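Written out below as structure tokens is the structure these notes cover.
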Amino acid sequence: MTTKAARPNIGAIRSSFAPWNDPGTKPLVRFDGVTKRFGDQIAVDNVSLDIYEREFFALLGPSGCGKTTLMRMLAGFETPDAGRIMLGGVDLADTPPHKRPVNMMFQSYALFPHLSVAGNIAFGLKMEGLKKVAITDRVNEMLKLVKLEAYAARMPHQLSGGQRQRVALARAIARKPRVLLLDEPLAALDKKLREETQFELTDLQMELGITFLTVTHDQDEAMVLADRIGVMDQGRIVQIGPPTEVYEAPNSRGVAEFLGDINIFEGIVETFNSPVASLKSADGHFKVVDEDCPAGGATVWLAVRPEKMRISPKAPPKGTANVLAGEIWDIGYLGDWTTYIVEIGPNRLIRVAQANASRIVEHPLSWDDKVWVSFDADAGVVLTR
Amino acid sequence: MAAIAPYLWLGMLFAFPFLLVFKLSLSDVALSMPPYAPKFDPGNIGRFVRALDLDTYGRLVSDPIYIKAWLSSLKIAAISTALLVLIGYPIAYGMARCSSGSRQLLVLAVTLPFFTSFLIRVYAWVAILKPAGILNAGLHALGLPPVAVMNTDAAVYIGMVYAYLPFMALPLYAVLEKQDESLIEAAADLGATPFRAFWTVTFPMSLPGVAAGALLCFIPIVGEFVIPDLLGGSSTLMIGKTIWTEFFNNRDWPAAAAAATALLITLVVPLMLYQRQQARVLR
């Protein structure tokens with residue numbers, strides 16, 4: 001069982017938090033047409049992005065997509081070749097890294113190996129020129145926050161990976177930055193610890209009220225952590241939105257395929273009477289409910305997530321829409337889920353995921369079984385690119 | 001077999017020669033060829049061992065020339081090492097901050113002097129520093145008065161710093177080059193100016209390199225003979241020169257051997273301290 005941590009009632013705050021929908025809200029961070037080249041490689045390509053006060057924003061993309069470069073430009077470690085980066089309405093171009101009110105948690109943690117845990121956390125406070133007593137108080141407060149009170153005198157090499165991650169976090173938030181930058185914050189942790197830490201991070205963010213910007217290639221991490229996700233590809237932001245939006249309503253095949261698994265059927269719109277469309281594809285006719293479907297004659301791609309499909313050894317009644325007949329080609333049993341790879345035509349494989357709701361199934365589906373896959377009219381999304 | 005090899009080499013190339021020197025230091029001066037007694041006699045080992053004594057060490061302690069030479073050597077070595085850190089650190093730091101292509105070139109440049117003979121390089125400094133040498137010719141051309149550097153302690157320091165700079169710069173470069181750049185970024189991120197980031201992160205983390213470089217320079221400088229002999233004056237007193245004088249001028253082989261043994265023992269102490277510190281770092 002998950003233990004319930006003591007925390008303020010954040011559910012109400014989180015469920016109604018959407019400053020990006022309010023045109024009156026001024027963003028805290030604004031990337032305005034930012035471009036960065038390394039030699040003839042373009043790392044960040046004309047990116048414009050607003051991040052709001054108290055938001056948890058995740059930049060998600062494959063490695064080399066420019067997400068880390070974008071974040072490093074906010075920290076001041078890289079200089080944009082074009083465009084502006086604003087923080088609280090002020091252009092940061094002439095502010096060196098050590099004067100920017102942002103702090104970063106490095107992917108490698110970058111803990112100072114010659115300083116103790118307390119020394120690491122105190123480093124930024126010393127640079128600020130705080131009094132000794134104030135530094136000690138703040139260090140103790142941070143140690144308590146990350147539950148490392150007993151480790152104040154330890155050296156970084158005497159800590160476990162999870163403890164190091166906490167020290168890096170404590171060090172980065174000790175100066176109360178206006179934006180906390182997290183570079184692949186959980187990448188070095190094992191799976192179990194990563195899941196725990198994800199929830200701790202979101203709670204911590206609510207508690208501190210600091211704006212978080214995280215960079216990750218792990219979509220689960222981005223979805224759990226973030227209020228909004230910016231999906232990046234080849235230096236560009238291809239979609240921005242809350243996790244449910246980028247997952248359920250991707251704006252392109254690229255985004256749909258990057259976030260989770262998806263089955264894509266290429267077809268032509270036969271008729272469209274908003275919101276119902278009829279599509280014709282090589283795998284058969286589909287009936288789809290999607291307000292944004294283009295008019296008849298257009299080439300489109302119908303994208304359906306594996307978990308929104310059903311699989312059955314019995315044929316559905318005649319006249320049921322969106323049915324695909326096939327044979328089971330492979331089965332992946334994950335415990336909570338089973339993924340079936342179904343061959344619906346020569347070299348046409350689709351993926352169907354079913355929750356294993358019962359412990360014992362009398363006639364489980366097996367390899368080469370003849371099956372029928374079906375999905376509802378509103379299960380898929382029509383993509384035009 | 002592989003485990004024995006290092007001991008075999010150490011025994012052959014270090015322990016055995018050292019034992020010869022040590023035996024010599026326990027002998028007495030004699031008018032013979034070679035000029036000491038007793039001589040090793042496999043037929044009567046008992047008499048040979050009984051004839052060995054510590055008299056020579058007594059002479060070392062009672063004659064102030066040895067103590068003075070020893071202290072002067074330590075002083076010259078300490079000052080030279082300090083100068084080497086001051087000059088070698090910026091060189092190593094600059095090398096470590098270069099692009100990887102020019103780094104290799106710079107490492108080559110630092111090691112290049114080793115391609116010529118040490119002796120020739122010291123003689124080159126004689127040519128530079130002597131009264132009518134290159135230095136004074138240059139000063140004269142600029143209309144400046146000549147300086148008398150040759151045969152002074154200053155010339156010895158110049159020679160020492162010149163000769164030992166690679167031994168300081170290379171270990172320093174090795175630690176600085178390995179330093180994780182994200183640590184400097186982290187320091188800047190946490191509000192440290194480049195200057196403070198250097199003194200709070202880069203420098204303390206490079207101390208093992210400073211220690212290694214200092215030992216590699218200090219120990220041979222204490223026993224250095226060629227540089228004080230060629231560049232130093234008659235007032236430059238160093239233990240290496242004293243040993244040479246005892247051996248070749250005074251033909252007092254036991255005294256030279258005893259001074260060499262005493263020198264070795266005094267140098268083993270800082271080495272052991274360094275080893276202890278290294279072990280602590282590794283732990």
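Here the stretch A:76-95 is the region considered, the condition is being assigned to a loop (DSSP other than H, G, I, E, B) and small (Gly, Ala, Ser), and the residue that is nearest to the other protein chains (Cβ to nearest Cβ) is A:76. Residue check: residue B:78 meets all listed conditions (1) open to solvent by less than 60 Å² (accessible area, probe 1.4 Å); (2) free of Cβ contacts under 8 Å to residues at least 12 places away in the same chain but one, namely (2). Determine which single condition residue A:98 fails, assuming it passes every other condition in (1) assigned to a loop (DSSP other than H, G, I, E, B); (2) within 12 Å of chain B (Cβ to nearest Cβ); (3) surrounded by fewer than 22 Cβ atoms within 10 Å (Cβ to Cβ); (4) touching a Ser or Thr at 6+ places or on another chain (Cβ under 7 Å). Residue A:98 satisfies all of (1) assigned to a loop (DSSP other than H, G, I, E, B); (2) within 12 Å of chain B (Cβ to nearest Cβ); (3) surrounded by fewer than 22 Cβ atoms within 10 Å (Cβ to Cβ); (4) touching a Ser or Thr at 6+ places or on another chain (Cβ under 7 Å) except (1).
Can you tell me which residues in the stretch A:101-128 are more than 9 Å from chain B (Cβ to nearest Cβ) and open to solvent by 50 Å² or more (accessible area, probe 1.4 Å)? Result: A:101, single match.
Scan the stretch B:204-235 for residues that are in a helix (DSSP H, G or I), free of Cβ contacts under 8 Å to residues at least 24 places away in the same chain and either acidic (Asp, Glu) or touching a Lys or Arg at 6+ places or on another chain (Cβ under 9 Å) (or both) and jot them down. Before you say what the answer is, go through the steps one by one.
Of all residues in the stretch B:204-235, those in a helix (DSSP H, G or I) come to B:204-222, B:226-231.
Those left that are additionally free of Cβ contacts under 8 Å to residues at least 24 places away in the same chain: B:204, B:207, B:229.
The answer is B:229, and nothing else.
Out of all the residues in the stretch A:237-248, is one or more assigned to a loop (DSSP other than H, G, I, E, B) and at pLDDT 90 or above? Yes, there is a match, as at least one residue in the stretch A:237-248 is assigned to a loop (DSSP other than H, G, I, E, B) and at pLDDT 90 or above. Determine, yes or no, whether residue A:121 is in contact with a Leu (Cβ under 6 Å, 6 or more places away or on another chain) and of a type in the set (Val, Ile, Thr). Judged against the criteria, residue A:121 is not a match. Taking strands (runs of 3 or more DSSP E) as the structural unit, those lying wholly within the stretch A:304-373 and holding at least 3 residues that are more than 26 Å from the chain's Cα centre (by Cα) correspond to A:309-312, A:323-333, A:337-345.
Table: residues versus (1) touching a residue at least 40 places away in the same chain (Cβ under 8 Å); (2) in the same structural domain as residue A:92 (by TED's automatic domain parsing).
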| residue | (1), (2) |
| --- | --- |
| A:165 | yes, no |
| A:186 | no, yes |
| A:195 | no, yes |
| A:214 | yes, yes |
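List every residue pair whose Cβ atoms lie under 6 Å apart, where the two residues are 6 or more positions apart in sequence or sit on different chains, the first residue falls within the stretch B:14-33 and is in a helix (DSSP H, G or I), and the second residue, located anywhere, is of a type in the set (Gly, Ala, Ser) and open to solvent by 80 Å² or more (accessible area, probe 1.4 Å). Sorted first by the residue in the stretch B:14-33, then by its partner, the list stays empty. Only residues that are at pLDDT 85 or above and under 30 Å from the mean Cα position of the chain (by Cα) were counted in the stretch A:264-298, giving 6.
The values are calculated or read from the model by the stated rules, or taken from the named source; none is laboratory data. All values reported here derive from a predicted model rather than from experimental measurement. When we count neighbours, we look across all protein chains shown, and the Cβ atoms used for this are built from the backbone with ideal geometry, even at glycine. In case anyone asks, the SASA skips ligands and DNA or RNA and just uses the protein heavy atoms, side chains included. Shrake-Rupley method; radii C 1.70, N 1.55, O 1.52, S 1.80 Å.
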